[in-house]
Amino acid sequence: MDRDVTSIELWSPEGRQNLLAVWMTTPTGRYRGRVSDDHDTTSPSTTTHSSPAVLQIRIDLDDTKPPTWRRLNLRADLTLDVVHQIIQDAFRWEDSHLHRFALGGSVWDRDAQLFLCPFDVAEGEEEGTPEEQVRLDQVLNDPGDVLRYVYDYGDDWQLRLRLEKVLSADPGTPPAVCVDGRRAAPPEDSRFEYMNDGLAALVEDPDRFEPAEVNEQLGRPWYALRARDVHPRLLELVNMLSITSEGAELGARLAALPDSSERPFDDDLRTALSAHLWFLDRAGDGGIPLTPAGYLRPAVVEEAATLIPSMSDWIGKANREDLTYPVAKFRESLVKRLRLLRKYKGALYLTRAGAAARDRPAVLFEHLAASITPPQERDRSVVDADLLMLAYAAITPDGELPLDRIAAHLTDLGYQYDDGQPIARYDVLHYETNVHDILVNIAEPPAGRRPRSQISAVASALARTALQR
C-alpha cells in the first residue's frame, strides 16, 4: 500500500508453499511393525484408493482415564493438513499451537516418518515431509494401521489414529463426519491442571460429548472451500475472519458458490473483454505506434476510450493519454501486470501470451485468471488485499464491491499504519497490484455512468476461477 503497513499475525502459521520433499520407500513396499493389534508403518504407501472411499477411524487421546476418544468417518483423499483441522474441531481445540503427525512410532521417535506443520517446515525442520503433501489413505490404508499425532509441543497432547474400516463413498460424501465418541477433551493449555486435578476441575460436565456439536463444526465453510483447492491463503483468511459476523458471512457465501469450471459463454466473454481484444487486434496488425513521448496517439486514445469500462464516469475530453487516466492505467496493465503487450522501439506489440489470446476470448479469460492469482511470495499485505478483493468479486456478480468492508477485514487481520490508523477505503483502491482496476474493466463498453467498483458477471466468474487455481 502507499504507506508502510505493519501486520500482526494471528494464529495462522506461515511457510506453507514452495516446499518440496521426497518420500522414501523400501524396495519391497511398506515395512510393517506391530504394536498390540495396531499396524505401525514406517513410510507412506504409494497406493491410494482408486474409487471414492471413507475411512472409519478411531482417535484416542493418550493418558486419559476414563478414555477420551472420537470415531470419525473421513474421506480417504483428505490431506493431513485437513485431518489436523478435523482433529482440532473434534476435540474442541483452538489450533493455537504447533502439531505434527508420525508414522511408524512416536512423534518424537527419530526412526518414525514425520509429517510436519507449515511452521516447522518454515523454521527449517528437515526431518519430515510437509503434511499438505500426504493423503490420508497413504498413511492409513488397511484396517489396523496407526498414525500418531501431537498437538501443543508444551502440553504434549498425543493422539493415536487407528483405521477400523474402509467404507464405500460417493462423490457427494462430506469430508468428515463424527459418528461416536466419549467424554469431553481437556481444554487448551491445561496439561498441568489436568494431570494434577483431573478433567472435572476443568470442564463443567466431563462425561458430556455430543457428535452433533462436532458435526456442526465440521460443516464450516473452511472444509467446503478446502475441498475445492482454493488459494491456501484464502483458507487461512476465512478461518481467521470467521470470528466476526461479516467474516463468517463471507466464508458461507464463498462455500455456496458454483464450481469455477462453469465458464461464461464465448459471446459474453467477447463483450466483457472487448477492450482487451481490441488492443490485441490492433497490436497484432503491425503494432500500435506511440508518440515520441511514449504515449498512445490521440486517435487511438479516442477509440480506446469508447471501449474501456472504467471510462464510464470520465468527464471531459479523451484524446490525450497523459490526461486520460483510465486509458493510461488500462494500457499499463496490459503491459506490466497482464503481459499481453510489450513496448519495443516506439510501438506496442503482442507478447506470446497476447498472440495466443488474440481473437480467442476463452484463452484470454484463462490468461487473465492466472495473471491475477496472487503468488505466495508477494508481500503478505498485498496478497491478503488481492484475495479479499477477489473473494468479494466472486460473490458479487452484477453488484458493487464493498470497499469499506474489505478495508475493515484488513484491519481485523491486524494491518495498520505506523501511526496506528486503520486501513481505509482509499487504501483498498490504491495499493501495489490492485486487482480492482483489472476486475472493473471486464465489462460491457461504457454506456452511461455506473458505479466505479461495479463487478460484471464475467468479472465475478473470473475472480472465482482465479481463487481456485
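The values are calculated or read from the model by the stated rules, or taken from the named source; none is laboratory data. Model, not experiment: these values are computed from the prediction. FYI the Cβ positions are ideal-geometry reconstructions off the backbone, even for glycines, and counts take in every protein chain you see. Heavy atoms of the whole protein, side chains included, go into the accessibility calculation; ligands, DNA and RNA do not. Shrake-Rupley method; radii C 1.70, N 1.55, O 1.52, S 1.80 Å.
Treating only the Cβ of Lys, Arg, Asp and Glu as charged (+1, +1, -1, -1), what charge dipole size does segment 187-227 show about its Cα centre? Round to the nearest 20 debye. Provide the component values of the computation, followed by the final result.
Working: 4 positive and 10 negative charges, 76 e Å.
So the dipole magnitude of segment 187-227 works out to roughly 360 debye.
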√(5λ) per eigenvalue of the Cα gyration tensor, segment 231-329, largest first, Å: 39, 18, 13
Rounded accessible area per residue of segment 126-168, 1.4 Å, Å²: 35
Asp170 to Ala256: FRET efficiency via 1/(1 + (r/R0)^6), r the Cβ-Cβ distance, R0 25 Å, to the nearest 0.05? 0.75
Dipole of segment 206-260, positive direction: furthest Cα of Ile243, Ala255, His231, with charges on the beta-carbon: His231
With every protein chain in place, what's the accessible area of Trp278 (1.4 Å probe, Å², nearest 10)? 40
From a point 7 Å beyond the Cα of Asp229 in the direction of its Cβ, which residues of segment 111-138 have a backbone N at a distance under 19 Å? 130-138
Modelling each spin label as a point 7 Å along the Cα-to-Cβ direction, I'd like the Thr411/Glu210 distance in nm, to one decimal. 3.6
Accessible heavy-atom area order of Glu249, Glu213, highest first, probe of 1.4 Å: Glu249, Glu213
Residues of type lysines that Lys343 reaches as a straight line, Cα spacing below 16 Å, ignoring anything fewer than 8 places off in the same chain: Lys329
Rounded to the nearest 0.05, what FRET efficiency is calculated for Glu127 and Thr244 with R0 set to 45 Å and r the Cβ-Cβ distance? 0.70
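Shape verdict for segment 323-469, please, from the Cα gyration tensor: rounded (a/c under 1.5), prolate (a/b greater than b/c) or oblate.
Numbers: a/c = 1.65, a/b = 1.51, b/c = 1.09.
Judged from the Cα gyration tensor, segment 323-469 comes out prolate (a/c at least 1.5, a/b above b/c).
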Quick one: grab the alpha carbon gyration tensor of segment 64-191, order the square roots of its eigenvalues as a ≥ b ≥ c, and give me rounded if a/c is under 1.5, else prolate or oblate depending on whether a/b is larger than b/c. oblate
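Tell me whether segment 413-469 comes out rounded, prolate or oblate; compute the Cα gyration tensor, take square roots of the eigenvalues as a ≥ b ≥ c, and use a/c under 1.5 as the rounded threshold.
Working: a/c = 3.30, a/b = 1.63, b/c = 2.02.
Oblate, because a/c is 1.5 or more while a/b does not exceed b/c.
Probe radius 1.4 Å, ligands and nucleic acids ignored: give me the carbon and sulfur share of the accessible area of the chain as a rounded percent.
Roughly 48 percent of what the probe reaches on the chain is carbon or sulfur.
What trypsin sites (Lys or Arg not before Pro) in segment 334-442 are in a loop by DSSP, with at most 15 other Cβ atoms within 10 Å of the Cβ? Spell out each step's value before the answer.
Values: sites: Lys336, Arg337, Arg339, Arg342, Lys343, Lys345, Arg352, Arg358, Arg378, Arg380, Arg405, Arg425; in loops: Arg339, Lys345, Arg358, Arg378.
Here the sparse-neighbourhood loop sites are Arg339, Lys345, Arg378.
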Binning at 10 angstrom from zero up to the longest distance, how are the C-alpha pair distances of segment 284-400 distributed in percent? 12, 35, 36, 17, 0
In debye to the nearest 20, the charge dipole size for the chain, taken about the Cα centre with +1 at each Lys and Arg Cβ and -1 at each Asp and Glu Cβ, equals 2200
Per residue, how large is the accessible surface of segment 353-469? Use a 1.4 angstrom probe and give square angstrom. 37
If the viscosity is 0.692 mPa s and the temperature 37 °C, what Stokes-Einstein diffusion coefficient in µm²/s follows for the chain when Rh is the Kirkwood radius over Cα pairs? 131
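Could you size up the charge dipole of segment 330-410 around its Cα centre, putting +1 on the beta carbon of Lys and Arg and -1 on that of Asp and Glu, and report it in debye to the nearest 20? Please report the intermediate quantities before stating the final value.
On the way: 13 positive and 10 negative charges, 148 e Å.
Dipole size: approximately 720 debye.
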Gain upon complete extension [Arg92, Ala328; 0.36 nm per residue less C-alpha separation]: 79.6 nm
At the level of C-alpha centres, the distance separating segment 408-444 and segment 188-210, in angstrom, is 44
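Normalised by the number of residues in segment 296-339, what is the relative contact order in percent for Cα pairs under 8 Å and 6+ residues apart? Walk me through the intermediate numbers first.
Details: 33 pairs, mean separation 17.1, N = 44.
Result for segment 296-339 is 39 percent.
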Mind checking the angle between helix 245-255 and the chain's longest principal axis? C-alpha axes, 0 to 90 degrees, to the nearest 10. 90
Between Tyr349 and Asn196, what is the FRET efficiency for a Förster distance of 51 Å, r being their Cβ-Cβ separation, to the nearest 0.05? 0.10
